[in-house]
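Right, one structure below, let's go through it.
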Amino acid sequence: MPERPDRPDRPDRPDRSDRPDRPDRSDRPDRPDRSDRPDRPDRETATPPGVVIVGRAAVVRPVGEIDIDTAPSLSRALAHALTYVAASRADRIVADCSRVTFCDSSGLNALIAARLQAVEAGTTIGLANPAPQLQRLLQMTGAAPLFPREDPA
């Protein structure tokens, strides 16, 4: 294919900037801030997940959506739970996911990273009450065997 003068950086691809079937997205506003939505209690307006001791388990109870915005607070809560294990106040960590409505790859990464730290500390992270969407995410990614199921705390 001959080199095109209008697209010297990609000679093999045609210039499609003038296609009428593609909308111009240059004036699209930034993604709206939805942190004030009442159906998303996990955003900055709410309390991040805390850690409670139930029996010999350090229980973390995330709420709402676990995504790129909220995964860091889950990571912090799981790291805090790990300090209870290190101080011998708990022997395992349980993430009670009964109030989680959505989890994306950022949330999965937070869980897997915390699991790696837990394994290094000689403990486990179990999941209680994972929603069908979270169960499917774990199954599809092959991560389900990494997180034992726990009884609700």
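Overview of results
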read-out	value
Stretchable slack from residue 121 to residue 68, in nm (0.36 nm times residue separation minus alpha-carbon distance)	16.5 nm
Within the accessible area of region 44-153 (1.4 Å probe), percent carbon and sulfur	54
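The values are calculated or read from the model by the stated rules, or taken from the named source; none is laboratory data. Note that the structure is predicted; figures quoted are calculated from it, not measured. We work out accessible area using only protein heavy atoms, side chains counted, and drop any ligands, DNA or RNA first. Shrake-Rupley method; radii C 1.70, N 1.55, O 1.52, S 1.80 Å.
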